[in-house]
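Remarks on the structure that follows.
The values are calculated or read from the model by the stated rules, or taken from the named source; none is laboratory data. What you are looking at is a predicted structure, and each value in this text was computed from that prediction instead of being measured. Cβ atoms come from the backbone with ideal geometry, glycine included; neighbour counts cover every protein chain shown. Note: areas computed on protein heavy atoms with side chains; ligands, DNA, RNA excluded. Shrake-Rupley method; radii C 1.70, N 1.55, O 1.52, S 1.80 Å.
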Amino acid sequence: MVSRKMIENFIWKYISIFIVILSLNMTLLFAQKRSALTLWYDRPADERVWEQALPLGNGRLGSMVYGIPSCERMQLNEETIWAGGPYRNDNKKGEAALKTIQHYIFDGKSAEADRLANETFFTETHGMPYQTAGNILLRFPGHEQYQDYYRELDIERAVALSRYTVDGVAFTREVFTSFADDVIVMKIKSSKKGKLNCTLTYENESKHTIHKNGDKLILAGRGSDHEGIKGQVVYQIHTGVKHTDGQLVVKDQSIDIKGASSICLYISIASNFQNYKQLGADPHKVAAERLRKAMDKDYQLALRQHIASYGKQFNRFQLHFGSLSSEHQEPIAKRIANFARTQDPALVTLLAQFGRYLLICSSQAGGQPANLQGIWNRSMQPAWDSKYTININTEMNYWPAEVTNLSGTLQPLFSMIKELSESGEETAKTLYHARGWVAHHNTDIWRVTSPIDFAAAGMWPSGGLWLSQHLWEHYLFTGDKVFLRQYYPVMRGACDFLLSVLVEHRGYPTKQWLVLSPSISPEQGPLAAGVTMDNQLCYDMLTRTALAAEALGVDAMYRDTLLATARRIPPMHIGRYNQLQEWLEDVDDPHNQHRHVSHLYGLFPGSQISPFRTPELFEAARNSLIYRGDFATGWSIGWKINLWARLLDGNHAYEIIKKMLTVSDENHPEGRTYPNLFTAHPPFQIDGNFGLTAAIAEMLIQSYDGAVHLLPAIPDQWKEGWVKGIKARGGFEIEMQWQKGKIKEVMVFSSLGGNLRLRTASPLKGPELQLAKGDQTNALLAPVITPASIHSADSHLKGIELPSYYEYDVRTLPGKYYTFKVY
C-alpha cells in the first residue's frame, strides 16, 4: 500500500524536476530576449574584486552589487559622505611671495621658483577624500553550491538581476537605485514556498554604531578626520524589509529572515550635509521619511516609476553600429577579451551607452557633480581621494553631456562652478591680491580653491577658466539666454581675475604679451610663464565672455577691455619638430609620451584649431599627438580618441578604441577596461568611460567649426549604422543613417531656428537646401577667430590634404523638422 508520505515525496520530486527544467528554459528564453544594452555574466563577482561588481545609482546614491549566492554584497555610497568639514586652504604668505616667484621664472631659476611656491602657496591640507558608506551583507545558508547562474545589468532600465538554483529551487534577486523614490531596493524571491532564509548585517570602516529602531536596522556613521580637519559629516543608513510570509526578526546588529518566499529590501541613506559652507540637516529624519514613503508603495509600481524616470533621460539618444550574430551568447568579459579578434560593433555601442548610463546615475540636478569615480567608491582613502581634479578629469566627465542629449546632468557641475566662484574670490585676494575668482587644479565637496599637492602639479591657476568653458558651451548648444544671464557673473569674475593677474612677459619685451605666471603645463613641471594651454584658456575666457556680454546686451566698455586684452595673449607657436609647442619656449621633447596632452586643448575640447581655418596649427597638433603615442592611461586614451576625431582620422581613432577595449584584471594589468566596463587608469577612474562616449559622438558629428559636420571621422569598421537624438550647437537635434560609410538620410530638428550649415562628404538633396555662401550667420555656430601662429625657423610643415566636402545652408524655423537624402 502506497503511503501518503510516499505520494507527497513523488509529487515534490517531479515538481522539483519541472522547476529546474523551467528555469533552464527561462534562461534560454531570457538570453534570446536579452537587450543589446545588457552586461551579462555566467558567474558572480569575486568578493575581492570590486571591478567585477555592477554599478547602480540615481545621482545621489550609489551601489555596487556583487550577485554572490551565499553572501550578497552591496557596497554603498551617498554623494555627500566625505572626510572633514567646511575649511579653507589659503596660505597667507602667497601674496608677498608672488612677484619674487615670477622674477625667478622670468630669470630661468625654476628650482628657486618651485621651492618658494611650495613654501608660500601650499598648506598641509590637500583636499578631503570621498568615502564609502560601507556594505550591506546578505548571508544565505546552504547557497554555497549553486547551478544555472546568471547575472546582468540592463542599462536601458537601470536594473541589476541575478538568478541561480540550489537543490532545485530557483532564487532571483532584482536591484535598482530608485530615481523615483531615492532609495535602493532589492527584491529577492524563491520558486518554492518558504525556502528563503537569510541574515542581513552592515559592514563599515568608519566610526559608527548600529541599533534597531522598531522593525528597522540603523547604522549611524561619520566621515573621518583628515589632514587636521575634523570629520563633521554624520550620516545614517536605514534598512527595512517587507516580507509576504515567514518570520522577520530585527536584532541589535542584524535582520533575520526565515521561511519566506519573497522579500523586498529597502535602503535609505542621508547625511547632515546642506552645502559646502554648512552642515545641520537631520539625517535620521530624512532617511526615515524616504524609507517610509518607499515601503508604502507597491513594488511593481515603484519599479515602473523608476524605469520611467530613468528612461526619460536615457532614451533620448540611440545608436547602432551593427551586430554580430553570436554577440549576445558571450558574457561581457569574454566579449572584451575577444574584441581584438571580433571587432564586435555592438560592444562599442554598449560602451558608448554605458558612459551615458554612468553619467545619468552619478550626476542629477540638485546634487553633487560626478567625481573622479563618479559616485562609486569602496574605500575610506581612495586613489587621488576621488575628488574633483579640474585640470582635465572633471571636465572630461561632462564631455558627453551636451552632444548625447544629457544636458540636464550638467546642473550639478554648473552649481559647483558657481560655488567655486564664491570660494575662489577669497583665494584670489589672499594669494594674488586680485579681483574676481580663481581655482587651481583640484577641489572637493568643500570647494577649496587654493593649490594642493605640490608646485609641479598644483601650481596651476586655470582650473576655473577651464570649468567656465562649460557655461559657454551650454549656451551654444541650447541658446538659453536665461541661463547665460544667470552665469554671466561667474564668467565675468573669471575674467576679472585675469585682468588683475596677467603680467607682461619679460622675455619678449617687443611683443608685450600678457601671460599667467606662475603656472605649469598640467602635471608637467617646472613652473613657467605663458604655458600654451593657459594661453588658449585665457583667450577663450576673454573672447567668450565678450561674446556673452554682446549676446546679453551688457557691459560694452568691459567687452572692449576683454577683447583688447585677448589680443595681447601669446599666439600658438609651431616648434622645431613641426609640433605645437607645449610651452612658449621651444623645449618640447618628441620622445615625451606623458599622459597629459594639455597643449592640444585648442584642438579638443577647445575650437581654436581647425583643418579649414588654421591648417598649419592643425598639422602641428597632429604631429604633437603622434609624438605622444597612442597608448596611455584610460582617461588619456579617451582624450586621444576625441583628438583624432577632430583630426578627421576615424581609422586612427578606432585603433585607439581597440586599445581601450582590452581586459584589465590581475592577469592583464596593461588592459584598460575592467570586467564591469569601468575604464582603468589604472586604478579605476570614470573619466575614461565618459571620454570614450564623447569621442564616439565626436566621430559621428562635429559642430565647433562653423558648420554641422556629419560623419567627420567615420572609421571603416562602422560601414553601416544609425544614430538618433545626437545634438549639435545651435539647438539642432539630428537623426541620421549611413551605409558604406556615407550618409543615406538625415533628419534635423531645429529647436531655435536660424541658419544651419551642413558639411558632408556626400551631396544632399532637399527643397530647403542651398549651397553655402559667405560667413556663418548663426552666432551659435560661428567659428572662433584664431590669432595667426608663430613658426620656428627650423620648422618645415608638409601641408595637409583634406577630403572634398559639400556645404549647404538651411534657413530653419523653430520647432520644425527637415529631412535630406543623398543624390
To the nearest 10 degrees, how steeply does helix 615-628 sit against the main Cα axis of the chain, on a 0 to 90 scale?
50 degrees
Report, by chain and number, residues whose modeled amide H sits under 5 Å from the one on TRP718, excluding near sequence neighbours (fewer than 5 apart, same chain).
none
Report the label-to-label distance for GLU585 and HIS211 in nanometres (one decimal), using points 7 Å from each Cα along the Cα→Cβ vector.
6.5 nm
Keeping all protein chains in place and using 1.4 angstrom, which order do ASP809, ASP298, ASP182 fall into by accessible surface area, from largest down?
ASP298, ASP182, ASP809
Using the Cβ atoms and a cut-off under 14 Å, what net charge is assigned to the surroundings of ASP444, where Lys and Arg are +1 and Asp and Glu are -1?
-1
State the answer as a single residue: which of LEU700, SER664, HIS681 lies farthest towards the positive end of the charge dipole of segment 616-748, with beta carbon charges of +1 for Lys and Arg and -1 for Asp and Glu, about the Cα centre.
LEU700
Which three numbers, in whole Å and largest first, are the semi-axes of the equivalent ellipsoid of the chain derived from its Cα gyration tensor as √(5λ)?
48, 33, 23
Compute the distance in nm between two label points, each set 7 Å from the Cα along the Cα-to-Cβ direction, one at HIS103 and one at ALA793.
3.3 nm
Which value, in Å² and to the nearest 10, is the accessible area of TYR475 when all protein chains are kept and the probe is 1.4 Å?
20 Å²
Using alpha-carbon coordinates, inclination of helix 556-566 to the longest axis of the chain, degrees:
80 degrees
Let me know the charge dipole size of the chain about its Cα centre in debye, to the nearest 20, where only the beta-carbon of Lys, Arg (+1) and Asp, Glu (-1) is charged.
2380 debye
Residue-count net charge about TRP513 - beta-carbon cut-off 9 Å; Lys, Arg +1, Asp, Glu -1
+1
With every protein chain left in place, what is the accessible area of HIS433 in Å² (1.4 Å probe, nearest 10)?
140 Å²
Helix 283-295 sits off the longest principal axis of the Cα atoms of the chain, rounded to the nearest 10 on a 0 to 90 degree scale, by 60 degrees
For segment 361-478: relative contact order, % (alpha-carbon pairs under 8 angstrom, 6 or more apart)
24 percent
Which residues qualify? For HIS441, with a placed amide H closer than 5 Å and at least 5 residues away or on another chain, they are ILE452, TRP460
Mind scanning LYS659/LYS798; LYS187/LYS297; LYS277/LYS429 and naming the pairs with a C-alpha gap bigger than 23 Å?
LYS659/LYS798
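Considering only protein heavy atoms and a 1.4 Å probe, what is the carbon-and-sulfur percentage of the accessible area of the chain? Mind showing how you got there, number by number?
Working: 15720 of 30780 Å².
That share works out to 51 percent.
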The answer for LEU324, listing residues at least 5 apart or on another chain whose modeled amide H is closer than 5 Å to its amide H, is ALA346
On a straight-distance basis, which lysines could pair with LYS765 in a cross-link, Cα separation under 24 angstrom, same-chain partners fewer than 8 positions away excluded?
LYS719, LYS724, LYS727, LYS740, LYS742, LYS744, LYS773, LYS816, LYS821
Å² per residue, accessible surface of segment 211-367 at 1.4 Å:
41 Å²
Expected vector for segment 263-275, Karplus 3J(HN,Hα) from phi with 6.51, -1.76, 1.60 and θ = phi - 60°, integer Hz, x for Gly and Pro, equals 9, 10, 9, 10, 10, 10, 10, 8, 10, 8, 5, 10, 7
extent check for segment 33-182: Cα max minus min per principal axis, descending, whole Å, gives 78, 31, 31
Whole-Hz couplings from phi, Karplus 6.51/-1.76/1.60, listed for segment 241-254; x for Gly and Pro:
10, 9, 9, 8, 7, x, 10, 10, 10, 9, 9, 5, 10, 7
Compute, for GLU72, the solvent-accessible surface of its heavy atoms (probe 1.4 Å) with the complete set of protein chains present, and express it in square angstrom to the nearest 10.
0 Å²
Taking +1 at the Cβ of each Lys and Arg and -1 at the Cβ of each Asp and Glu, which of ALA566, TYR310, GLY228 sits farthest along the dipole of the chain towards its positive end, judged by Cα position relative to the Cα centre?
TYR310
